[in-house]
Number of protein chains: 2
Amino acid sequence: MRALPFLLLLSASATLHAAEGMWTLDNLPKEELAKTYGFKPDQQWLDHAMRSAARLAGGCSGSFVSEDGLVLTNHHCVAGCVSNLSSPENDYLNKGFTAKTREEELVCPGNEINRLESITDVTARVREATAGLSGKDYIDAKKAIEAKIASECVGDDTANTRCDIVNLYQGGLQHLYRYTRFSDVRLVFAPEYAAGFFGGDPDNFNFPRYNLDMSLLRVYVDGKPAKIKDHFTINPKGAQEGELVMTLGHPGSTQRLLTVSQLETLRDQSLPERLFSSYELRGLLLRFSAESEENARIAQSALMGVENGIKSNLGRFQALTNPAVFEEKRRAEQELKAFVAASPERVQRYGDPWSEIEQAEKVARALSREYGSIEMGLMSQHLGWAKSLVRAAAERGKPNGERLPEFTDAALPRTQASLFAKTPMYPEYEKMRLQWSLEKIRERLTADHPFVRELLATQSPQQLAASIVDGSKLADPEVRKALWEGGAKAIAESDDPAIVLARKIDPHGRALRQRMESEVSSVETRAAERLAAARFEQKGTSVYPDATFSLRLSHGTIRGWEYAGQTVTPFTQVAGLFERATGYDPYKLAESWLNAKAKLDPATRFNQVSTNDIIGGNSGSPLINAKGEIVGLVFDGNIHSLGGAYFFDESLNRTVSVHPAVMIEALDKIYAAKHLVRELMH
Amino acid sequence: MRALPFLLLLSASATLHAAEGMWTLDNLPKEELAKTYGFKPDQQWLDHAMRSAARLAGGCSGSFVSEDGLVLTNHHCVAGCVSNLSSPENDYLNKGFTAKTREEELVCPGNEINRLESITDVTARVREATAGLSGKDYIDAKKAIEAKIASECVGDDTANTRCDIVNLYQGGLQHLYRYTRFSDVRLVFAPEYAAGFFGGDPDNFNFPRYNLDMSLLRVYVDGKPAKIKDHFTINPKGAQEGELVMTLGHPGSTQRLLTVSQLETLRDQSLPERLFSSYELRGLLLRFSAESEENARIAQSALMGVENGIKSNLGRFQALTNPAVFEEKRRAEQELKAFVAASPERVQRYGDPWSEIEQAEKVARALSREYGSIEMGLMSQHLGWAKSLVRAAAERGKPNGERLPEFTDAALPRTQASLFAKTPMYPEYEKMRLQWSLEKIRERLTADHPFVRELLATQSPQQLAASIVDGSKLADPEVRKALWEGGAKAIAESDDPAIVLARKIDPHGRALRQRMESEVSSVETRAAERLAAARFEQKGTSVYPDATFSLRLSHGTIRGWEYAGQTVTPFTQVAGLFERATGYDPYKLAESWLNAKAKLDPATRFNQVSTNDIIGGNSGSPLINAKGEIVGLVFDGNIHSLGGAYFFDESLNRTVSVHPAVMIEALDKIYAAKHLVRELMH
């Protein structure tokens, strides 16, 4: 049920809900934790938790769960890897994968796992280097100082260290996050798609649920399993209703502190346009998948991603088209404006950041069609590689501080890793997506737009796509490597059609990106700095920053909810899974489960809901109790959680996780993975 | 360019623009016509114009152009018919069709053309019969009186007469429109798709254009070409820049008089949901079409319709998400509210229709998901037929006044004609669409919704769709006829799977339809009556009613426009077509044109723009001059015209039409149709 009316219940109060907040580990709401739950974590608890949490660089969370580098995360977080490793003969995505020995563990191409080691406030250094600047000067200075800080932090250890500048509070604070970087990630266990994603898209974001959305990876160092001192252990008993549970993960992005004009752009332009495009792509992929089993396999993980994106963006769109949400946002903005206006000193200090942002949003709206089409519009592996190679050749010749962020010394290793990863190429699929994205560019800009004329000349999108995919050699990682190593000269001389096209597009894309940065993001960041400062003055540290794919803790309790007169209880059991299984996709149960039915205890807890405040990116987060034991594996939110991008409503917003009991039961009785159970329970 | 900023120019003035208005023929802005153009049409002119205009019941306009029943309309208005008549051997849609003799003219299955004969104001009769009633009583009484009036009007002549009650001003006035009904419609001429729709979707709603979007039909009576006294003649010279030109056609629907709360529902829910669904369907059809030439042919006209709908709904959505548009709508509403509030007598007379509508909109929003899924959600020929048969069996047993509108005596002939029409059945295509729409219902309502459980039970959408399409015999018109004639007993006893499913859905669909009617449309109609009356008191007859697919005249002049510093001139020429042709779809020119290039005068005018106020449904309208000669054939609007659903902006909103010169030139020199040229020029 993704009905809207629940939003009408939205409280007009500006006070935080008990469970609200995605808190950074250096600024937890300690008073709240002590008062509400009697929980007072010491520094040792926090350090252990921080070093037991894992970040999947591709956009998920996870946790270390053994001293031999085992990492617990969701099935849907490794679906891309499993799909890349699959072939018609070894269809791991649909048939599942269990490594019986460490030798059988398979390298996930291009995957990277990060472990946070330290957080340092570098706001003062960044402010100093950018003081008094604006527009392009500001962007350039900010880029330079951030590259410098990150570079110093990484030092010579580019292979194993990663340092990111995290902009908190819309750029109000800059923190330096130093990570250990694990770039040899191997697949240990993944259940069948039908078990990991039982109920498929129809059940996604719904509850009751019955998903074994778990997988196990292992990080390797120097070809051997990494030795991990800090890791969580699993408590198969889980937590009881009402008990304190915490998620420790990497929520990707929330927009709770955006101004009204920024939210209007999302509501009126960005979200609908993203949805329009995703829906059309979904239709294309649905039919492509219906053509053959092999096509279904090829498109499976992409389709899963598109459908998940649709549900989540639709939930956001519906939240923003609810008048009650906007009213509350307007009210909160008015309150802060009044707070500033009440003192001439504050007016002097903060100015009018709202109007500055509103002006920048006008530019963003006007540029978005060209920016989205020319800089971001091509859906193609070939052109992704080519763009990366063309830009790298130009950027690597510049001083570190002047490069685009993805080509700074600190970032180069992962740009390279993702460029050189061995991923399969399906030419028909690639042609379809490239042709379609060329058609969309022509549609959005019209056939008479100068860029479209230059791009297509007298070719049709179909022809151009075919000529790239048939003619380019970039699908061979060795060719990409040679072009990378050949640098600017090799790129300039290449007659590979993907490189030729990327060279043609590059100046247009760069120009638009630069305008977006100097006329929109830099203006908004500078304004947000002052907004954040005003908010600090108004509310102190009671405010948490928007999610930025950096480590956050959110607290809550195991709890169901009531909606439209119905009570939803917090746990499901194995018995319910067998009741729900119709025998047909997406309610077709994996055979291994059907065969094991007699061995399973029907009362085993399966999935559960809790009041934690999470968002996309939190997938794979451990749900831990006060003792730091894993009592759940976060994999979803309920339908009401989708408005969480903009606000938190404790009465309805729920986190959905896999219960530890079913994880152990399944590994033991269904997947014959006693060796993994032993390792996990150790 | 469907960029938004132009809307910011929107004038805040509430006065009518010179060319604004889709006027009914019994209430033309005579003073305006005389003052602006010195044009004073007498009753004879008007009667002749009215009887020369044609309405294609399927949703287009046209005009009678010879005494032997020839009808001029757009190619895209007959694409459905041409597609139905096409086969892999005779691909008329892509290769074109020209009947060399009358014997070669082909019956368009299920098509109907109407000619307006008279307009009678029946408001007083309807008001009298519904006085003091509300909710279901009001609906029932209104249905009964309207069925009675229509039935009296049709009399015994159901085959040749059609009478519709037209609700003008959101139900403020009821007019009875009596039409002659031509149900034997034959295809005479259609150019190749590549000529009729050159530039395809990318150029749709754009200008400059080069479309020969014309076709010729002929109406037959008793197996012979109908004798038509009133018809237009074509003036191949066309009109000059600045000259008065009028469209005479059937604009389908505008929403210019809707209240702010109704517009909000459109902006926040109806339009985006329609777009989401259309985009996904488009993706599905794009890939289906890419699978083979035959599939492309099968889906061609559906895809054309979906893409056209996307562009037009997107234009509307973008208009409504523009703050300037809503501001002007709010201003106008406030003005009318103030006018009412200024006099206690008016408050007494009109009450607060805005709040009543706002409450009804809340119900509409809450019901829309179920209504759209259960009553309107199945995309399937089989279930369309089955629903019609199941309902007809029940409705035909009731007194005329108590039936659903489509089964009243007056409406039965066309319901029957469309049900018995011989249309081709493509099982794979039908399965794909039905499966997809079943999946969408499950997605929108969730798998746990009681209706979804009843609908699918333990079947997957794919299985259910296959069982219907493989098992049903309804594709045979004789089977449909037998079920129709067998009435309620035959329907109750049928084990045809489509009928079985339709019987299962019917009570749910009816219940929702009834709630929508009694809680939404009846409330809003009653409120709109008072709004209309208040508007009359405020503005007199200077206001025109929203479009209702009834005959309207709009006046204007041949004129280009300026936008973003560029001047667009009003005419294109044949030379431009050849410049634009790249050789590849959708810029691939038909071979007949390439072969005839040397014979064509490159200076021949091709397409043109004028300031007339039109909307979807106007396609096929004649553009006439003051002498009543055809000087253009309306087929599109420019991109700025899409906001025309809600407001008219004379500086940018343009009608796009085919110039008469190119029509005659093409028939003569390309299609070797001298006999048609002779008939047209007679």
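When you scan region B:199-212, do you find a residue that is facing chain A (nearest Cβ under 10 Å), small (Gly, Ala, Ser), in contact (Cβ under 8 Å) with a residue 12 or more places away in the chain and closer than 30 Å to B:ASP585 by Cβ, even just one? Yes; the residues of region B:199-212 include at least one that is facing chain A (nearest Cβ under 10 Å), small (Gly, Ala, Ser), in contact (Cβ under 8 Å) with a residue 12 or more places away in the chain and closer than 30 Å to B:ASP585 by Cβ. Within region B:549-571, restricting attention to residues that are surrounded by fewer than 23 Cβ atoms within 10 Å (Cβ to Cβ) and among the β-branched types (Val, Ile, Thr), the residue that is farthest from B:GLN334 (Cα to Cα) is B:THR569.
Which of the residues that make up region B:145-174 are β-branched (Val, Ile, Thr) and either within 25 Å of the chain's Cα centre (by Cα) or not in a helix (DSSP H, G or I) (or both)?
Passing the criteria: B:ILE149, B:VAL154, B:THR158, B:THR161, B:ILE165, B:VAL166.
All of (1) part of a helix (DSSP H, G or I); (2) at pLDDT 95 or above; (3) surrounded by fewer than 19 Cβ atoms within 10 Å (Cβ to Cβ); (4) away from chain A (no Cβ under 14 Å) hold for B:GLU406 with one exception: (2).
Summed over region A:199-211, residues that are closer than 17 Å to A:SER301 by Cα and at pLDDT 95 or above total 1. Looking at this structure, is A:ARG282 touching a residue at least 12 places away in the same chain (Cβ under 8 Å), of a type in the set (D, E, K, R), closer than 30 Å to A:ARG369 by Cβ and part of a loop (DSSP other than H, G, I, E, B)? Here the answer is no, as A:ARG282 does not meet what is asked. Listed by first and then second residue, the pairs linking a residue in region B:473-491 that is closer than 21 Å to B:THR423 by Cβ to a residue that is acidic (Asp, Glu) and buried (at least 16 other Cβ atoms within 10 Å of the Cβ), with Cβ atoms under 9 Å apart and 6 or more places separating them unless they lie on different chains, are B:LYS473/B:ASP496; B:LEU474/B:ASP496; B:ALA475/B:GLU430; B:VAL479/B:ASP496; B:LEU483/B:ASP496. Being assigned by TED's automatic domain parsing to the domain that holds B:LEU652 and either closer than 23 Å to B:ALA49 by Cα or of a type in the set (D, E, K, R) (or both) is the requirement here; does B:LEU212 meet it? Judged against the criteria, B:LEU212 is not a match. Being on the phi < 0 side of the Ramachandran plot, touching a residue at least 24 places away in the same chain (Cβ under 8 Å), within 14 Å of chain B (Cβ to nearest Cβ) and surrounded by 19 or more Cβ atoms within 10 Å (Cβ to Cβ) is a property that A:TYR193 lacks. How many residues, within region A:285-303, are part of a helix (DSSP H, G or I), more than 24 Å from the chain's Cα centre (by Cα) and facing chain B (nearest Cβ under 9 Å)? So the answer is 3. Checking the stated criteria, A:ASP470 turns out not to satisfy the condition of being farther than 30 Å from A:SER261 by Cα, of a type in the set (Asp, Glu) and not in a helix (DSSP H, G or I).
For region B:88-110, check the following and say yes or no: at least one residue is in a strand (DSSP E or B), crowded, with 21+ Cβ neighbours inside 10 Å, of a type in the set (A, V, I, L, M) and touching a Ser or Thr at 6+ places or on another chain (Cβ under 9 Å). No; the residues of region B:88-110 include none that is in a strand (DSSP E or B), crowded, with 21+ Cβ neighbours inside 10 Å, of a type in the set (A, V, I, L, M) and touching a Ser or Thr at 6+ places or on another chain (Cβ under 9 Å).
Is it fair to say A:LEU281 is at the interface with chain B (Cβ under 10 Å from one of its Cβ atoms), over 27 Å from A:ARG654 (Cα atoms) and under 21 Å from the mean Cα position of the chain (by Cα)? Here the answer is yes, as A:LEU281 does meet what is asked. Between a first residue in region B:568-585 that is closer than 14 Å to B:ASN607 by Cα and in contact (Cβ under 8 Å) with a residue 60 or more places away in the chain and a second residue that is acidic (Asp, Glu) and surrounded by 15 or more Cβ atoms within 10 Å (Cβ to Cβ), which pairs have beta carbons less than 8 Å apart while being 6 or more apart in sequence or on different chains? Sorted first by the residue in region B:568-585, then by its partner, the pairs are B:VAL574/B:GLU665. With respect to (1) part of a helix (DSSP H, G or I); (2) surrounded by fewer than 20 Cβ atoms within 10 Å (Cβ to Cβ); (3) of a type in the set (D, E, K, R); (4) at pLDDT below 95, the lone exception for A:LYS142 is condition (2).
Given the criteria modelled with pLDDT under 95, more than 14 Å from every other protein chain (Cβ to nearest Cβ), at negative phi and not in a helix (DSSP H, G or I), does B:LEU258 qualify? It is true that B:LEU258 is modelled with pLDDT under 95, more than 14 Å from every other protein chain (Cβ to nearest Cβ), at negative phi and not in a helix (DSSP H, G or I). Kindly indicate which of A:ALA394, A:ALA417 is more than 14 Å from every other protein chain (Cβ to nearest Cβ) and in contact with a Gly (Cβ under 9 Å, 6 or more places away or on another chain). Result of the check over A:ALA394, A:ALA417: A:ALA417.
For region A:304-340, filtering for residues that are hydrophobic (A, V, I, L, M, F, W, C), away from chain B (no Cβ under 13 Å) and touching a residue at least 24 places away in the same chain (Cβ under 8 Å) leaves 5. Scanning region B:646-680 for residues being farther than 21 Å from A:THR446 by Cβ and small (Gly, Ala, Ser) gives a total of 4. Residues that are within 28 Å of B:ALA57 (Cα to Cα), touching a Gly at 6+ places or on another chain (Cβ under 7 Å), of a type in the set (A, V, I, L, M) and at pLDDT below 90 within region B:497-550 comprise B:ALA528, B:ALA532, listed in sequence order. Within region B:663-682, being part of a helix (DSSP H, G or I), touching a residue at least 40 places away in the same chain (Cβ under 8 Å) and over 14 Å from B:LEU72 (Cα atoms) holds for B:GLU665, B:ALA666, B:LYS669, B:ILE670, B:HIS675. Only residues that are within 30 Å of B:ALA324 (Cβ to Cβ) and more than 14 Å from chain B (Cβ to nearest Cβ) were counted in region A:362-388, giving 4.
Step by step: first the residues of region B:434-454, then only those that are at the interface with chain A (Cβ under 10 Å from one of its Cβ atoms) and hydrophobic (A, V, I, L, M, F, W, C), then the one that is surrounded by the most Cβ atoms within 10 Å (Cβ to Cβ). Which residue is that? The residue in question is B:TRP436. Each residue in region A:621-640 was checked for being outside any strand (DSSP E or B) and within 16 Å of the chain's Cα centre (by Cα), and 1 of them qualify.
The values are calculated or read from the model by the stated rules, or taken from the named source; none is laboratory data. Fair warning: this is a prediction, and the values are worked out from it, not measured in the lab. Using ideal geometry, Cβ is built from the backbone for each residue, glycine included, and neighbour counts are taken over all protein chains shown.
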